[in-house]
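This report refers to the structure that appears directly beneath it.
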Protein chains: 2
Amino acid sequence: MQNSEAMALSTTLLAIAGELTQRINEGVVARGFDGVRPAHGFAFVRLAPDGATVTELAVHLGVTKQAASQLVDEIVRKGYAERRAHPGDARARLVVLTERGWACTRAAEEAAAEVVRGWGQLLGEGEVRALHEQLGRIAPYGRIRPTW
Amino acid sequence: MQNSEAMALSTTLLAIAGELTQRINEGVVARGFDGVRPAHGFAFVRLAPDGATVTELAVHLGVTKQAASQLVDEIVRKGYAERRAHPGDARARLVVLTERGWACTRAAEEAAAEVVRGWGQLLGEGEVRALHEQLGRIAPYGRIRPTW
DNA sequence: GCCGGATGGTCAAGTAGCTTGACTACCTGC
DNA sequence: GCAGGTAGTCAAGCTACTTGACCATCCGGC
């Protein structure tokens with residue numbers, strides 16, 4: 001494969017990623033969750049199962065723990081999460097989603113589903129599944145880097 | 001397809017996009033082009049064929065023309081582009097890549113090709129081509145939104 | 001022609017989200 | 001029980017953006 005083809009593939013993928021991020025965020029806002037940024041969504045993904053500490057969140061997002069702490073301040077202030085005592089470590093605090101945080105997460109899932117349905121109309125359900133499977137095999141582990 | 005599956009697909013795609021952006025940028029820096037950010041790469045894509053005006057660049061990048069102008073200042077100062085008189089419009093200035101700008105673009109293509117080769121080893125050449133074709137069909141037109 | 005609104009570009013000031021640095025509270029291994 | 005490491009916050013600074021104001025130039029109507 002030529003270099004220029006690889007670049008074209010990369011550009012296409014990045015354009016789709018940008019569009020996807022924007023559409024999900026718009027969908028979330030349209031469902032009444034204002035003041036949220038895409039970075040919050042990435043945080044919610046990490047917080048969703050059982051909560052996480054600020055440091056864990058920082059690693060997940062690829063930022064300093066100070067930045068993660070500020071982000072937590074923000075989503076706590078807006079009612080999407082709350083800080084609790086950490087069981088078994090008095091230094092740490094467990095950040096967990098509130099009911100509103102869960103509602104926002106569900107809204108993001110709905111928005112994502114809308115976009116993916118659009119893909120389904122262009123490609124067909126089977127190809128979307130194939131796409132998911134292929135991407136799953138080349139995806140990196142662990143953290144996300146939400147800043148370019 | 002369930003909402004949670006759509007979200008999983010979205011998360012996977014965004015994780016790959018983040019990884020890809022980071023790897024390309026690292027590859028470019030490793031080839032000796034320091035002081036470049038991913039946003040510069042997106043600008044180069046638009047400038048590459050025949051140059052562009054600041055306003056065209058701003059639309060392409062999805063930012064204000066002031067921001068685009070600052071970005072042009074930066075890449076001009078670093079020797080990647082230069083401003084020329086616009087033929088046929090004395091208000092406008094045509095921003096074109098310098099030889100160093102072209103070299104940097106080729107370096108980005110090489111870096112992208114390295115990453116895509118890695119995908120080829122995981123998926124096989126045929127599946128990478130299929131991926132490219134599928135993504136091409138769901139890609140949005142025109143501009144890129146390099147900020148989340 | 002030329003006048004008025006639209007457009008291309010820049011200057012200036014403000015802002016948001018990150019960084020680095022310094023610090024306290026707490027945990028853990030010798 | 002002390003030394004070094006880790007979780008978290010406070011504070012200050014930086015950078016890439018924004019909004020607002022402005023000048024030079026283009027262009028359509030008269």
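The values are calculated or read from the model by the stated rules, or taken from the named source; none is laboratory data. Because the structure is a prediction, the values reported are computed rather than measured. Here the Cβ positions follow ideal geometry from the backbone for every residue, glycine too, while neighbour counts run over all protein chains shown.
If you scan the stretch B:72-91, which residues turn out to be surrounded by 15 or more Cβ atoms within 10 Å (Cβ to Cβ) and of a type outside the set (Ser, Thr, Tyr)?
Of all residues in the stretch B:72-91, those surrounded by 15 or more Cβ atoms within 10 Å (Cβ to Cβ) come to B:72, B:74-76, B:78, B:80-83.
The answer is B:Val72, B:Glu74, B:Ile75, B:Val76, B:Lys78, B:Ala81, B:Glu82, B:Arg83.
Report every pair of residues separated by at least 6 positions or lying on different chains whose Cβ atoms are under 6 Å apart, first residue within the stretch B:116-143 and farther than 14 Å from A:Leu135 by Cα, second acidic (Asp, Glu) and assigned to a helix (DSSP H, G or I).
Going by the 6 Å Cβ cut-off, the qualifying pairs are B:Pro140/A:Glu19.
So if I check each of B:Gly120, B:Gly101, B:Gly51, B:Gly41, which one is surrounded by 14 or more Cβ atoms within 10 Å (Cβ to Cβ), small (Gly, Ala, Ser) and more than 21 Å from B:Arg23 (Cα to Cα)? It would help to see each step written out before you state the result.
Details: B:Gly120 fails: more than 21 Å from B:Arg23 (Cα to Cα); B:Gly101 fails: more than 21 Å from B:Arg23 (Cα to Cα); B:Gly41 fails: more than 21 Å from B:Arg23 (Cα to Cα).
Selected residue: B:Gly51, the only one of B:Gly120, B:Gly101, B:Gly51, B:Gly41 that is surrounded by 14 or more Cβ atoms within 10 Å (Cβ to Cβ), small (Gly, Ala, Ser) and more than 21 Å from B:Arg23 (Cα to Cα).
Residues checked against (1) closer than 21 Å to A:Leu13 by Cβ; (2) in contact with a helix residue (DSSP H, G or I) (Cβ under 7 Å, 6 or more places away or on another chain); (3) modelled with pLDDT of 95 or more:
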| site | (1), (2), (3) |
| --- | --- |
| A:Ala30 | no, no, no |
| A:Phe33 | no, yes, no |
| A:Val36 | no, yes, no |
| A:Arg46 | no, yes, no |
| A:Val72 | no, yes, yes |
| A:Ala81 | no, yes, yes |
| A:Leu94 | no, no, yes |
| A:Gly124 | yes, no, no |
| A:Glu127 | yes, yes, no |
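Looking at the stretch B:5-14, can you tell me whether even one residue there is closer than 19 Å to A:Val116 by Cα and more than 7 Å from chain A (Cβ to nearest Cβ)? Please lay out each step first, then the result.
So the first thing to find is which residues in the stretch B:5-14 are closer than 19 Å to A:Val116 by Cα, and the list is B:5-14.
Still in the running and more than 7 Å from chain A (Cβ to nearest Cβ): B:5, B:8.
Yes, the conditions are met somewhere in the stretch B:5-14.
Condition first: closer than 21 Å to B:Leu122 by Cβ and aromatic (Phe, Trp, Tyr). Now tell me which residues in the stretch A:87-145 satisfy that.
The answer is A:Tyr141, and nothing else.
Please enumerate the residues belonging to the stretch A:50-92 that are hydroxyl-bearing (Ser, Thr, Tyr) and more than 8 Å from DNA strand C (Cβ to nearest atom).
Restricting attention to the stretch A:50-92, the residues satisfying the condition of being hydroxyl-bearing (Ser, Thr, Tyr) are A:53, A:55, A:64, A:69, A:80.
The answer is A:Thr53, A:Thr55, A:Ser69, A:Tyr80.
Quick one: would you say B:Thr21 is out of contact with any strand residue (DSSP E or B) (no Cβ under 7 Å at 6 or more places or on another chain), within 16 Å of DNA strand D (Cβ to nearest atom) and either within 12 Å of chain A (Cβ to nearest Cβ) or of a type in the set (Phe, Trp, Tyr) (or both)? If you could, list the steps in order and put the result at the bottom.
Values: out of contact with any strand residue (DSSP E or B) (no Cβ under 7 Å at 6 or more places or on another chain): yes; within 16 Å of DNA strand D (Cβ to nearest atom): yes; either within 12 Å of chain A (Cβ to nearest Cβ) or of a type in the set (Phe, Trp, Tyr) (or both): yes.
Yes.
Could you give me the residue pairs with C-beta distances under 9 Å whose first residue belongs to the stretch A:26-53 and is on the phi > 0 side of the Ramachandran plot, whose second residue is modelled with pLDDT of 90 or more and basic (Lys, Arg) wherever it lies, and which are 6+ apart or on separate chains?
Every condition considered, the pairs that remain are A:Gly35/A:Lys78; A:Gly51/A:Arg84.
Could you please let me know if A:Val96 is more than 9 Å from DNA strand D (Cβ to nearest atom) and within 14 Å of chain B (Cβ to nearest Cβ)? So that I can check it myself, show each step before the final result.
Values: more than 9 Å from DNA strand D (Cβ to nearest atom): yes; within 14 Å of chain B (Cβ to nearest Cβ): no.
Considered against the rule, which asks whether it is more than 9 Å from DNA strand D (Cβ to nearest atom) and within 14 Å of chain B (Cβ to nearest Cβ), A:Val96 comes out as no.
Can you pull out every residue in the stretch A:30-74 that is farther than 15 Å from A:Arg93 by Cα, away from every other protein chain (no Cβ under 14 Å) and more than 12 Å from DNA strand D (Cβ to nearest atom)?
A:Ala30, A:Gly32, A:Phe33, A:Asp34, A:Gly35
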